[in-house]
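Step one of this worksheet: look at the structure below.
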Amino acid sequence: MSIIFIANLIVYLACSIFMISQNSIEQVLQVVAIEEIVADYVSLKRSGSRFKGCCPFHEEKTPSFIVSPAIGIYKCFGCQKGGNAIQFLMEIENFSFVESVRTLAQRYGIALIETKIDNPDAYQESQLLRESIQAAVDFAQNFFQEQLHDTEEGKTIGLPYFKERGYTVETVKKWGLGYSPEMWEALAIESKTQGFTNEIMLQAGLLRQRDNATHYDLFRYRVMFPICSVTGKVIGFAGRKMSSTDPSPKYVNSPETDLYKKSDVLYGLYQAKNAVKKSDKVYLTEGYTDVISLHQAGIENVVASSGTALTSGQIKLLKRFTDNVTVVYDGDAAGIKASLRGIDLLLEEGINVRVVPLPTGQDPDSFCQSMGGESFQSYLDKEEETFIFFKAKFLIDETNNDPLRKSDAVREILKSLALIADPLKRSSLSQQLAKICNIEESLLVSELGKLLRIQQSKENQEFVQQVKSLTENAGIDLASQTKPLLNDSFQELAMFRLLLLFADKAYDESQTVFDFIWGECNNDETIAFETPLALKLKNEIIQQGRWPGQQHFINHIDADMAAWSAGVLADVHVLSPAFAQNFIDITTEEMNYGEQVIAMFLHLRRKKIDQLLNSNMELLKEPDANIDDLLLMIEYLNELKKNIAKKLGNAVSRI
Ligand SMILES: [Zn+2]
């Protein structure tokens with residue numbers, strides 16, 4: 001071990017830096033399959049000769065990230081990031097160029113030709129620091145493993161502990177488990193003799209400093225669980241205390257370092273990722289020991305959030321591999337309640353969330369060990385429940401039929417329901433939820449509508465921005481390429497119809513339907529009006545500086561306008577309450593006006609995308625067209641369109 005680390009240190013600490021030859025770099029790029037590299041971070045789906053997925057560099061729900069194996073590049077049409085495999089690793093892992101090339105070369109077994117350069121200043125200091133910290137963490141990992149396997153103390157205290165937990169020798173090795181002895185300065189002294197400075201050991205989160213400037217080990221008398229990045233590098237540790245009289249916490253974790261960012265790490269993901277991809281599902285548990293026990297029992301698609309509440313960084317990480325998350329709960333109510341919020345984050349990311357509650361007093365580790373892997377797997381399969389039903393039952397149960405608490409609970413449940421994007425799924429869930437909560441479904445639907453409208457205004461703003469940056473970056477002049485969108489009378493009049501009927505109704509807590517629609521129109525230069533009637537309506541709104549009101553249009557001096565307005569208002573009464581009652585799924589217009597407004601704008605979006613698609617198709621015909629870029633763009637636009645169709649779902653619209 002010492003020889004390897006001394007050799008590493010020479011590279012890290014010497015004044016000379018090695019440079020990789022251009023030939024080697026080209027060889028790496030030729031051999032590397034970019035889709036394999038990207039697939040470690042992004043769940044890719046094949047699409048013709050390319051792959052697509054959700055971009056790992058920006059938040060998105062519609063895949064705009066495309067990988068082309070033929071050209072060896074990746075490209076995101078949302079945030080515009082793109083490049084080859086080397087650049088991908090630099091971007092996603094914060095690697096230096098050299099680190100990135102080395103990682104690829106190692107993976108594909110390519111021997112790099114490196115030449116020495118004598119200008120270390122060119123080498124960024126921060127990179128040197130990262131590499132030094134990594135070397136220190138690697139050193140510590142080896143040290144802890146040696147302490148476990150090769151010392152008397154490790155063999156009599158560490159190994160028996162793991163054995164008692166039911167871990168086999170293979171499991172202990174597979175997870176790189178270790179032991180830190182009952183001494184203040186075991187690692188501190190050993191690291192010094194190996195040439196690591198105290199400064200680096202501090203920055204790696206392995207040592208602490210006393211007031212008198214001497215140093216001591218952070219982990220003492222603990223069994224060690226190394227924590228890996230998604231690429232399998234050890235980046236931090238968790239140590240569990242061995243002494244029952246030790247007043248310090250049961251688990252001590254590495255502090256945040258340049259390598260270890262707690263909120264972006266899930267324990268076990270490196271070991272689980274292939275099984276997760278294969279089963280398209282991941283079990284989420286709380287502890288390190290849960291993950292290890294389940295793996296040993298043959299259930300490998302399992303990770304842990306390490307006791308902390310789920311973060312959006314961790315969810316993004318999971319989403320690279322699957323959209324199906326099953327949370328396995330320890331069976332205690334306080335714990336369940338605390339984790340409900342975190343799970344809403346999963347719903348928001350479009351993940352299908354299910355839960356499996358365990359019997360009181362059991363955790364996944366103990367329960368799996370007591371019944372064995374196969375039985376535990378069938379327990380998981382059998383007891384798995386859609387999260388939102390679980391949450392509803394749990395919260396309603398807690399209210400003890402107190403009406404005030406019940407309405408709080410219902411509001412809480414609706415918040416989760418509103419996070420589900422698919423309207424079909426939402427409506428089938430709401431029927432069952434109404435039963436669980438024992439309230440009228442119509443009440444549930446109208447409350448849900450309020451929440452959805454608030455959400456929709458946020459999304460509309462995002463969409464306008466997205467299309468803007470998309471077209472700007474692609475060099476498309478939206479205003480000249482697209483015709484006004486409301487260019488057929490039906491579409492234009494549909495918008496004014498909604499205004500005429502519902503302008504003064506609340507869209508959300510801060511604005512009326514008029515405020516919302518008008519705001520959207522002014523926000524978006526591609527929405528213009530062409531039919532005489534619509535133009536007239538628009539000009540009157542501008543002149544008055546507000547919504548002139550229903551009566552204004554019914555009593556309009558312009559006979560056409562008056563007739564049209566009266567027609568719209570008469571039409572709405574065709575839907576009699578009796579009719580609505582017979583068709584439980586059809587809520588009256590009055591009730592779902594918000595959804596109609598939403599649907600109208602979704603249709604508008606779809607039209608806008610259609611126009612962008614057409615203009616791209618036209619560009620394809622040009623002799624000097626960049627075919628590949630255009631095809632990628634067309635693919636992306638089609639994806640956006642599909643997503644809108646999904647959102648529109650069964651939302652019946654008149655437009
Ligand atoms: Zn992106």
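The residue that is least open to solvent (accessible area, probe 1.4 Å), counting only those in region 539-551 that are within 16 Å of Val513 (Cβ to Cβ) and in a helix (DSSP H, G or I), is Ile541. Tyr329 satisfies every condition listed in (1) in the same structural domain as Leu284 (by TED's automatic domain parsing); (2) in contact with a Cys (Cβ under 8 Å, 6 or more places away or on another chain); (3) within 29 Å of Glu59 (Cβ to Cβ) except (2).
Checking the stated criteria, Tyr329 turns out to be under 14 Å from Ser366 (Cβ atoms) and either surrounded by fewer than 24 Cβ atoms within 10 Å (Cβ to Cβ) or not aliphatic (A, V, I, L, M) (or both). Candidates are the residues of region 78-90 that are in contact with a Lys or Arg (Cβ under 9 Å, 6 or more places away or on another chain) and within 10 Å of the ligand (Cβ to nearest atom); the one that is nearest to Leu347 (Cα to Cα) is Lys81. Only one of the numbered conditions (1) small (Gly, Ala, Ser); (2) touching a Cys at 6+ places or on another chain (Cβ under 7 Å); (3) within 27 Å of Gln203 (Cα to Cα) is not met by Ser293, and that is (3). When region 54-77 is examined, which residues are found to be outside any loop (DSSP other than H, G, I, E, B) and either within 12 Å of the ligand (Cβ to nearest atom) or surrounded by 23 or more Cβ atoms within 10 Å (Cβ to Cβ) (or both)? Once the filter is applied, which keeps residues that are outside any loop (DSSP other than H, G, I, E, B) and either within 12 Å of the ligand (Cβ to nearest atom) or surrounded by 23 or more Cβ atoms within 10 Å (Cβ to Cβ) (or both), region 54-77 yields Phe65, Ile66, Val67, Tyr74, Lys75, Cys76. Whenever a residue of region 156-167 is over 23 Å from Phe367 (Cβ atoms), its partners that are among the aliphatic types (A, V, I, L, M) and in a helix (DSSP H, G or I), lying with C-beta atoms within less than 6 angstrom and at least six residues away or across chains, give the pairs Gly158/Leu148. With respect to Ser254, determine if the residue is open to solvent by less than 50 Å² (accessible area, probe 1.4 Å), free of Cβ contacts under 8 Å to residues at least 40 places away in the same chain and among the small types (Gly, Ala, Ser). Judged against the criteria, Ser254 is not a match.
Within region 178-188, none of the residues are over 22 Å from His215 (Cα atoms) and either polar (S, T, N, Q) or assigned by TED's automatic domain parsing to the domain that holds Cys368 (or both). Screening Val42 against (1) at pLDDT below 85; (2) within 16 Å of the ligand (Cβ to nearest atom); (3) out of contact with any helix residue (DSSP H, G or I) (no Cβ under 8 Å at 6 or more places or on another chain) leaves a single unmet condition, (1). Inclusion of Ser312 among residues that are surrounded by 17 or more Cβ atoms within 10 Å (Cβ to Cβ) and of a type in the set (Gly, Ala, Ser) is not warranted.
Scanning region 204-236 for residues that are buried (at least 23 other Cβ atoms within 10 Å of the Cβ) and in a loop (DSSP other than H, G, I, E, B) gives Ala204, Gly205, Leu206, Leu218, Phe219.
Of a type outside the set (Val, Ile, Thr) and surrounded by 18 or more Cβ atoms within 10 Å (Cβ to Cβ): does that describe Asn301? Spelling it out, Asn301 is indeed of a type outside the set (Val, Ile, Thr) and surrounded by 18 or more Cβ atoms within 10 Å (Cβ to Cβ). The residue list Gln22, Gln27 contains one member that is without any contact (Cβ under 8 Å) to a residue 60 or more places away in the chain and either open to solvent by less than 40 Å² (accessible area, probe 1.4 Å) or more than 19 Å from Leu317 (Cβ to Cβ) (or both), which is Gln22. Evaluation of Tyr270 against the conditions (1) open to solvent by 20 Å² or more (accessible area, probe 1.4 Å); (2) outside any loop (DSSP other than H, G, I, E, B); (3) over 21 Å from Leu44 (Cα atoms); (4) modelled with pLDDT of 85 or more shows that the sole unmet condition is (3). Leu148 passes every criterion in (1) out of contact with any helix residue (DSSP H, G or I) (no Cβ under 8 Å at 6 or more places or on another chain); (2) under 19 Å from Thr289 (Cβ atoms); (3) among the aliphatic types (A, V, I, L, M) apart from (1). Checked against (1) in a helix (DSSP H, G or I); (2) under 26 Å from Ser47 (Cβ atoms), Val597 passes all but a single condition, namely (2).
The values are calculated or read from the model by the stated rules, or taken from the named source; none is laboratory data. The shown structure was predicted, so the numbers you read here are calculated from the model rather than taken from an experiment. Cβ coordinates were reconstructed from backbone atoms using ideal geometry, including for glycine residues, and neighbour counts include every protein chain displayed. We work out accessible area using only protein heavy atoms, side chains counted, and drop any ligands, DNA or RNA first. Shrake-Rupley method; radii C 1.70, N 1.55, O 1.52, S 1.80 Å.
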